[in-house]
Structure formats: structure tokens, C-alpha cells
Amino acid sequence: MTLSLFEDAALYQARREELCPGATLLRGFAAPNEAAIFEALACIVTQAPFRHLITPGGFRMSVAMTNCGSYGWVSDRAGYRYDAIDPESNKPWPRMPDVFLNLAQAAAANGGFDDFEPDVCLVNRYEAGARLSLHQDKNERGFSAPIVSVSLGIPAVFLWGGSRREDKAVRIPLTHGDVMVWGGPARLRYHGILPVKEGYHPLSGVHRINLTFRKAI
Ligand code: MD6
Ligand code: FE
């Protein structure tokens, strides 16, 4: 029997971990939709290929990125921002596929945030050695909506810090299908990804893929 995402979400309980008020880890939540997610992703990257963005400080990011949705997160010498146009193609970003939107909304509801309307899905691709240093997600216009973050492919260790950069961070191993829902009092916590170890996953090859859904505007 195949259940809809929403029936799945209603039944989903067992592997849910509350990290702190506002942050919930839904272990394996995306796994039932893995095939449809990777099909949709293949279509997105033909229109908006992965690229290594340049930070405002002039460094090439080790994580390759693309986006889908009404806006995309971009970085260059001028700064970080959301843009409705992909600067590589000068066209709008690919639309957000239904399987992405439904997954993000079901996860948000499971984490206690109803009516999540993401307008961006940032797609991060990590190869061995790629990392994301501690940061806050604060380029969005408001912080009332949560962030939904989907981990796929090879594993990684998530650094979960506090509200100040110098606060000690705990390490959370994330594996294929894990979804983090993160908002309210946790929305501006520092976080990052440790350098990814070599690995192989049948759906992503040597990569870790992360989908981060946000309401940017
Ligand atoms: C990643 N994620 O997991 C990077 N940000 O590859 C993030 O930077 C992130 O997972 C905000 C909320 C959840 C996240
Ligand atoms: Fe982030």
C-alpha cells in the first residue's frame, strides 16, 4: 500500500527528535519519496546546473549550489542575496516541483509549523572535503517561517551551535532521508557542516545533497 505524504506524515512518529524548542529532526522522513526527489532534481540541474559561488570575500565555496522556486540564494563579490533570476542563465530559476513542495510542507507541519509556503529551495551538493562553516540563515526578509532542510546521499555531520558564533556546537550525524525543521526560537541558531568524508550512495554517487526550503520574501 502506498500512502500519500500527508498520511505518511500523520503516521510518522517514531524517529522524531526534538533538538531544542523550535528544532525537530525527522529521521528518514524523505526516504519514501527518494526516487521522485532525484528525478525532479535531475530536471532542475539541466536548467540550472550546480556551480561554485564566490563569497563576498572572494573565496570559491567548496559546496556547489543551485536553486528552484520563485527565488534563489546567490553569492558574489557584491554579497549574499535572493534573486528571482539565475545569474548564470539570466532566466528565472526552475519552478519548485510538487514533490519538493509537498515534502517541505508535510515536514514543517510535523515539526509544528503549519502553512509553510517556501518560495526558495536552495540545493547544496557536497563532495568529499566540502564543508559549510558556521553561519546563521539571515538573508530572508522575515524569520517567522521555519527552514526545512533535507539530507540525501552520503552522510555528513551537522554542527548545531547557539545564538552566538562562539557558543559551543554539538555534532549531529545526518544520513539519507533525514529532515530538520527549524524555526521559532531556534531560527537564528549558528550551524554548519563538517568536511564531508568520502562515501558512495546509489542515488547520489559520491555526493551529499541538501535541499533547504525557505520563505525568503
Ligand atoms: C546543509 N544546511 O545541511 C546546510 N540552514 O547542507 C544549512 O545551512 C541549514 O540545514 C538552516 C537550517 C537548516 C540547515
Ligand atoms: Fe544554513
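Taken together, the values in this text are just the output of simple stated rules run on the coordinates, not laboratory data. Remember, it's a predicted structure, so these values are computed and weren't measured experimentally. Every residue, glycine among them, receives a Cβ derived from its backbone with ideal geometry; neighbour counts consider all protein chains shown.
Results, tabulated for the structure shown:
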| quantity | calculated |
| --- | --- |
| Ascending count of other beta-carbon atoms within 10 Å, so fewest first, for 209, 172 | 172, 209 |
| Which of 66, 175 has the fewest Cβ neighbours within 10 Å, and the rest in rising order | 175, 66 |
| Gaussian network model of the chain, springs between alpha carbon atoms under 10 Å - residue of 86, 76, 119 with greatest fluctuation | 76 |
| For residue 156, distant residues with modelled amide H under 5 Å away | 174 |
| Peptide ranges 40-51, 186-197 listed from the most packed, as the mean C-beta count within 10 angstrom indicates | 186-197, 40-51 |
| Gain upon complete extension [residue 77, residue 62; 0.36 nm per residue less C-alpha separation] | 3.8 nm |
| Label zone at residue 128 (point 7 Å along Cα-to-Cβ), backbone N below 13 Å, segment 180-207 | 196-201, 206-207 |
| From phi via Karplus (6.51, -1.76, 1.60), per-residue ³J(HN,Hα) for segment 68-73 in Hz, x at Gly/Pro | 9, x, 6, 9, x, 8 |
| Computed lengthening from residue 167 to residue 141, 0.36 nm per intervening residue step minus Cα-Cα distance | 6.9 nm |
